[in-house]
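Below is one structure, written out as structure tokens, with a few remarks after it.
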Amino acid sequence: DASASMGYAGAGVSKYDYAATLAASLAYLMLLQRDAVGLVVMGAGAPRVIPARSQPHHLHAIIAELEAGRPSGATDVRAALAEVAGGLHRRGLCILISDLLDDPQGLEQGLRHLHHRRHDLMVLHLADRDELELPFRKLTLFRDLEGALELTTDPREIRREYRAAIDEHLAAVRALCRRSGADYDLFVTDQPLDRGLVRYLARREG
């Protein structure tokens, strides 16, 4: 009998910690270039906002917010991105870091709010290896970290259908990002995160 949490990342790193490290690293690079950097942490309830600043010490405020914030409950990405779009008064680069376990239609609507305001968009999609491959071989209890759903099943019996559903979701997300004018990249949390930094630098130089 085994217990697995699909919201927890492999190699001892949670998706939130991976996302926070990636966000802080990107903020550091942007501040080195003297760009103004802000932060919006989305979760249950209203987004938590750190206004954009360009001073080097602003990184401390961003890191403090990332350390203080922990994921809790389901996120309405469409509503959160619409609120973010309404609060941005200057064009800029908006980078969404998320596991995107959300309704694709709502995500697309949220991205289009930003695209219509002529912001550049990057979507960095985080996934845990176990979420993609469902490698478990014993009877396993799966818990929904954003709700009360629990399911005990033999993963070997559902693996084929599960992976097909995951592939379908990934394809839908990639397609909606293209339609919304957003650059897209998938990050698995057992891989180095430097690809995100390289992607940002390449975009800035392009």
>> Among the residues in the range 128-144, are any exposed (fewer than 13 other Cβ atoms within 10 Å of the Cβ), among the acidic types (D, E) and without any contact (Cβ under 8 Å) to a residue 40 or more places away in the chain?
In response: no
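Among the residues of the range 34-45, which ones are open to solvent by 30 Å² or more (accessible area, probe 1.4 Å) and either in a helix (DSSP H, G or I) or at pLDDT 90 or above (or both)?
Initially, the range 34-45 is screened for residues open to solvent by 30 Å² or more (accessible area, probe 1.4 Å), giving 34-36, 38, 40, 42, 44-45.
Hits for the range 34-45 are R34, D35, A36, G38, V40.
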Given (1) open to solvent by 30 Å² or more (accessible area, probe 1.4 Å); (2) modelled with pLDDT of 90 or more, L22 misses just (1)
Going through (1) closer than 22 Å to A24 by Cα; (2) touching a Ser or Thr at 6+ places or on another chain (Cβ under 6 Å); (3) of a type in the set (K, R) one by one, R112 fails only at (1)
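How many residues, within the range 178-190, are farther than 14 Å from L126 by Cβ and not acidic (D, E)? Explain how you work it out, then say what you get.
Pass one, the range 178-190, residues farther than 14 Å from L126 by Cβ: 178-183.
Subsequent filtering for residues that are not acidic (D, E) retains 178-182.
Final tally of qualifying residues: 5.
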From the option list D185, D154, D194, single residue qualifying as open to solvent by less than 90 Å² (accessible area, probe 1.4 Å) and touching a Gly at 6+ places or on another chain (Cβ under 8 Å) is D185
When every residue in the range 101-127 that is of a type in the set (G, A, S) and without any contact (Cβ under 8 Å) to a residue 60 or more places away in the chain is compared, the one surrounded by the fewest Cβ atoms within 10 Å (Cβ to Cβ) is G106
The correct count of residues that are over 22 Å from the mean Cα position of the chain (by Cα) and not charged (D, E, K, R) in the range 106-147 is 5
Flag for L176 being closer than 24 Å to G87 by Cβ, crowded, with 18+ Cβ neighbours inside 10 Å and within 16 Å of the chain's Cα centre (by Cα): yes
Flagged pairs (Cβ under 6 angstrom, 6 or more apart or on separate chains; first in the range 81-100, open to solvent by less than 30 Å² (accessible area, probe 1.4 Å); second hydrophobic (A, V, I, L, M, F, W, C) and part of a helix (DSSP H, G or I)) are A85/L114; C94/L114; L100/V173
State whether one or more residues within the range 47-54 are modelled with pLDDT of 90 or more and either in a helix (DSSP H, G or I) or open to solvent by less than 40 Å² (accessible area, probe 1.4 Å) (or both). yes
Turns out the strands (runs of 3 or more DSSP E) fully within the range 120-206 with at least 2 residues that are in contact with a His (Cβ under 7 Å, 6 or more places away or on another chain) are 182-188
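The values are calculated or read from the model by the stated rules, or taken from the named source; none is laboratory data. Source: prediction; values computed, not measured. So basically every Cβ, Gly included, is an ideal-geometry build from the backbone, and we count neighbours across all protein chains shown. Keep in mind that these areas ignore ligands, DNA and RNA; they rest on the heavy atoms of the full protein, side chains included. Shrake-Rupley method; radii C 1.70, N 1.55, O 1.52, S 1.80 Å.
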